[in-house]
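Q: Sharing a structure with you now.
The values are calculated or read from the model by the stated rules, or taken from the named source; none is laboratory data. Predicted model, so just to flag it, every value in this text is computed and none were measured. As a convention, Cβ positions derive from the backbone with ideal geometry for all residues, glycine included, and neighbour counts pool all protein chains shown. Calculation scope for accessible area: heavy atoms of the full protein, side chains included, ligands and nucleic acids excluded. Shrake-Rupley method; radii C 1.70, N 1.55, O 1.52, S 1.80 Å.
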Amino acid sequence: MPQDLDYTGMLDRYALGIAAPGEIRALEARAVQNPDFAERLGAVREEQAALAKREAIVPPAALRERIRNEVSRIQELEASSGRPPVLHAGTTIAQFSRWVNDPALVRPADAGNVHLIMLDEQPDRQTALAWLVTEQEAEVHDDMVERFLILEGTCDVFLDDERHALVPGDVFTIPMHRTHSVKVTSPVICKVILQRVMAI
C-alpha cells in the first residue's frame, strides 16, 4: 500500500536520524493507534540506542571542555533572561525558588480542582505554577511535551497503562501522543511547576 511505503520511508529516515519533525509526529501518532507499528518503532529506537553505544566516540578533552563551557553560557543566558528554566531530569525545586517563594503567587481559597498561574508564556514554551486538588482526567497532547516538577504533595501519573508515583523534587515528562492522567495521593493539594514545550 502506498501509505505503508510512506511510513516505511519515514521509518528509514527516523532510523538514520534525518526524519523531519512532522514525520516524527506522524510516526508517533501511528504508533499510539497501532500496536504492531509501535513495536516496529520501538525496535528502531532500540537499534538506534545500541548503535550509539557501539559507535560511541569520546571527544577529546579540549572539545569536552568547549561543550561544557557552551552549555554553561546558554544556561547563564537563560537564567539572566528572567524566564523560568527548562525542566529536565536534573532540575531542582531551588531553581524555581524565585517563583515558589513569591508571596503574590498563591492559590486562592475559592479556586477549583485545578488552578494555574502563568509564570511565562512564549511561542516555544509555557511555564505555570499549578495546583491539583484531586485528579486530572485522561488527555493526550499532539503538539507539545508536558513536564512536571512536584513542589508539594504527592501524585500518581498514569501514562498509558504505567503508574508513576511522584514526590516533591521529582520531574516527569509526558511525551506527545501518550494518554495520561494524574491522581493526587496526598492529603495536601499537589503543587507543581507545569511546563509545556511546543513541538517544532
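Q: Would segment 124-137 turn up any residue that is of a type in the set (S, T, Y) and open to solvent by 30 Å² or more (accessible area, probe 1.4 Å)?
A: yes
Q: Please determine, by comparing only the residues of segment 60-110 that are hydroxyl-bearing (S, T, Y) and not in a loop (DSSP other than H, G, I, E, B), which one is farthest from A130 (Cα to Cα).
A: Step one: list which residues in segment 60-110 are hydroxyl-bearing (S, T, Y), which gives 72, 80-81, 91-92, 97.
Then keep just the ones that are not in a loop (DSSP other than H, G, I, E, B); that gives 72, 80, 97.
Values: S72: 29, S80: 24, S97: 15 Å.
Selected residue: S72.
Q: Ok, one more. Just for segment 24-38: of the residues that are without any contact (Cβ under 8 Å) to a residue 40 or more places away in the chain and under 22 Å from the mean Cα position of the chain (by Cα), which one is most open to solvent (accessible area, probe 1.4 Å)?
A: Filtering first and then ranking leaves Q33.
Q: Another one. Just to confirm my filter: which strands (runs of 3 or more DSSP E) fall fully inside segment 116-187 and include at least 2 residues that are touching a Cys at 6+ places or on another chain (Cβ under 9 Å) and of a type in the set (A, V, I, L, M)?
A: 125-132, 144-152, 162-166, 180-184
Q: Please go through (1) in contact with a helix residue (DSSP H, G or I) (Cβ under 8 Å, 6 or more places away or on another chain); (2) open to solvent by 90 Å² or more (accessible area, probe 1.4 Å) for V100 and return the number of the only condition it doesn't satisfy.
A: (2)
Q: Which pairs turn up if I take residues in segment 151-167 that are over 11 Å from V182 (Cβ atoms) and of a type in the set (A, V, I, L, M) and look for partners that are open to solvent by 10 Å² or more (accessible area, probe 1.4 Å) and assigned to a strand (DSSP E or B) with beta carbon separation below 6 Å, at least 6 apart in sequence or on another chain?
A: L151/K191; L151/V192; A165/D156
Q: Only residues that are at pLDDT 85 or above and surrounded by 10 or more Cβ atoms within 10 Å (Cβ to Cβ): list them for segment 51-67, please.
A: L63, R64, E65, R66, I67
Q: A follow-up question, please. For V114, only one of the following conditions fails: (1) touching a residue at least 24 places away in the same chain (Cβ under 8 Å); (2) within 30 Å of A29 (Cα to Cα). What is its number?
A: Status for V114: all satisfied but (1).
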